[in-house]
Structures are given as C-alpha cells and as structure tokens.
1. Would you please give the FRET efficiency between residue 187 and residue 245, computed as 1/(1 + (r/R0)^6) with r the Cβ-Cβ distance and R0 = 35 Å, to the nearest 0.05?
2. If the convex hull of the alpha-carbon atoms of region 117-255 is projected onto planes in all directions, what is the mean projected area in square nanometres?
3. Ranked by Cβ crowding within 10 angstrom, fewest neighbours first, how are 74, 108 ordered?
4. Work out the FRET efficiency for residue 7 and residue 106 from their Cβ-Cβ distance, taking R0 = 41 Å, and round it to the nearest 0.05.
5. Could you state the angle between the C-alpha long axis of helix 3-16 and the longest principal axis of the C-alpha atoms of the chain, as a value from 0 to 90 degrees rounded to the nearest 10?
6. Between residue 96 and residue 163, what is the FRET efficiency for a Förster distance of 51 Å, r being their Cβ-Cβ separation, to the nearest 0.05?
7. Could you give the radius of gyration (one decimal) and Dmax (whole number) of the Cα atoms in region 79-166, in Å?
8. Where the centre of each part is set by its Cα atoms, how far does region 208-255 sit from region 193-207, in angstrom?
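Please treat every number below as a calculation from the coordinates, not as lab data. Note that the structure is a prediction, hence the values are computed from the model and not measured. Every residue, glycine among them, receives a Cβ derived from its backbone with ideal geometry; neighbour counts consider all protein chains shown.
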Ligand SMILES: [Fe+2]
C-alpha cells in the first residue's frame with residue numbers, strides 16, 4: 001500500500017463517522033417536548049460484502065419548530081413524516097439543557113446520536129401540492145382541503161371547500177362570511193348585510209317574528225274602526241288616529 005492509498009483510506013474511514021445531514025422518517029414524536037425518535041432513510045453496510053441494512057433508530061432527537069419570544073408554531077409531527085436531520089458538531093447532551101453555553105463534556109463530533117430534526121421534507125412518493133396559491137402564504141390541510149391563506153394583495157381568507165364555507169377580509173376591509181345558505185357582508189363605511197332563510201336575534205330559541213316597520217306604520221296611521229250607538233240609533237266609522245305612530249328604525253331593516 002502506498003502512502004497515498006494509506007492516507008486516502010484513513011480519510012475515508014474518518015469521513016464515515018462524520019455525519020452532516022440526512023433525511024429520516026419519524027417513528028415517535030412527543031408534542032410536549034418537541035422530541036422524538038427517527039430512523040435515517042439511508043441503508044448502510046455494517047461489514048464489507050453484506051447487504052445494506054437500515055441504520056439504527058436515533059432516540060430523543062430535538063425537533064426544530066418556528067419559535068420566537070412567547071410564540072410558537074407547533075406542527076403535529078406524525079409517525080412516518082419525513083424530516084431533515086442535521087448532526088451537531090458537538091455532543092448535544094449538555095449543550096441543549098438551559099440555553100446557556102456549556103462544556104459539551106463528550107468528544108463526539110457530527111455523531112448520529114447528536115441529530116436535530118427539521119420537519120417538512122416532501123418525498124417524491126407523496127401527492128403534489130395544489131398549484132393554486134403558489135404566490136400566497138398558505139396553511140393547508142392536504143386531506144380535508146381546509147386552508148388559511150394570505151394572498152399577495154393582502155386578502156386573508158379561510159376556506160372549507162367541502163362545506164362551501166369561507167371567511168374573507170379584503171385589503172379594503174370588506175369582510176365576507178359565507179356558510180351556505182347564509183352570507184354576512186361587512187361593508188367599510190357602509191352597511192352590514194345578512195342574508196339567510198332564517199335570522200334569529202336575541203337567542204337561538206327566538207320565535208316571534210319582527211313586524212315590518214313601514215307596513216305596520218301605514219296600517220296604524222290609516223286604520224279606522226266601525227262604531228255604532230244606540231241612544232238615537234246609528235253607526236259610522238271613526239277617522240284615523242289624530243297622532244302619528246312612532247317612526248320605524250332607520251338603522252335596522254328587515255324584510
Ligand atoms: Fe285603533
């Protein structure tokens with residue numbers, strides 16, 4: 001063996017133990033600690049001329065989630081999800097205990113045991129995402145189709161396509177809610193328009209119909225009574241009331 005070959009083999013063996021990044025599959029995840037067990041999606045040979053076999057399970061791996069100050073966006077990682085593992089250049093045992101710099105106390109470098117997981121890798125066996133909203137910020141449930149998105153123009157919208165429902169706020173502030181057969185529209189500087197086959201005001205047990213103001217007022221102001229008297233005998237009709245009935249609301253209109 002030449003020196004060149006020797007050095008090459010030495011370097012090759014050293015690189016074998018330096019792990020950088022690998023896709024992996026989730027076996028277990030705890031949403032309260034954001035830690036779980038994963039298995040890398042790469043098989044390796046433990047000895048020369050053997051069949052490649054799965055790598056061992058890596059236990060208690062910290063998962064990365066978007067988190068800042070008091071806020072966190074926790075994604076419900078499930079068994080079978082594919083994640084990206086990155087391998088810490090120093091042992092994680094002590095350096096992730098309290099958010100303060102610590103002596104790692106172990107000599108491991110880029111070891112399999114010191115993986116951190118980033119959820120969100122799409123493997124090619126999965127269904128593609130829908131083509132729409134490619135330019136929007138989208139939160140999508142791929143099984144139900146329920147989605148929340150912010151479009152490029154600033155429109156914010158929540159949709160449940162199977163129910164035909166949506167909530168929407170446009171850049172102008174116009175706000176629409178729809179759940180068939182109901183719609184509610186809030187017009188900036190204008191009216192709120194409620195369309196529905198039945199509108200219950202006050203409670204969901206409301207049963208009394210609201211009178212139609214103009215119709216009622218016309219009847220009140222114009223109605224007469226028949227009357228009769230007996231002393232000298234006779235009958236007639238009263239004149240309409242001498243004072244007007246109250247005006248109907250100009251704010252609340254019903255049909
Ligand atoms: Fe009357």
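1. Plugging the Cβ-Cβ distance into 1/(1 + (r/R0)^6) gives 0.70.
2. Mean orientational projected area (region 117-255, Cα hull): 15.8 nm².
3. Ordered by Cβ neighbours within 10 Å, fewest first: 74, 108.
4. Rounded to the nearest 0.05, the efficiency is 0.90.
5. Its long axis makes an angle of about 30 degrees.
6. 0.75
7. Answer for region 79-166, Rg first and Dmax second: 20.1, 58 Å.
8. Here the answer is 27 Å between Cα centres.
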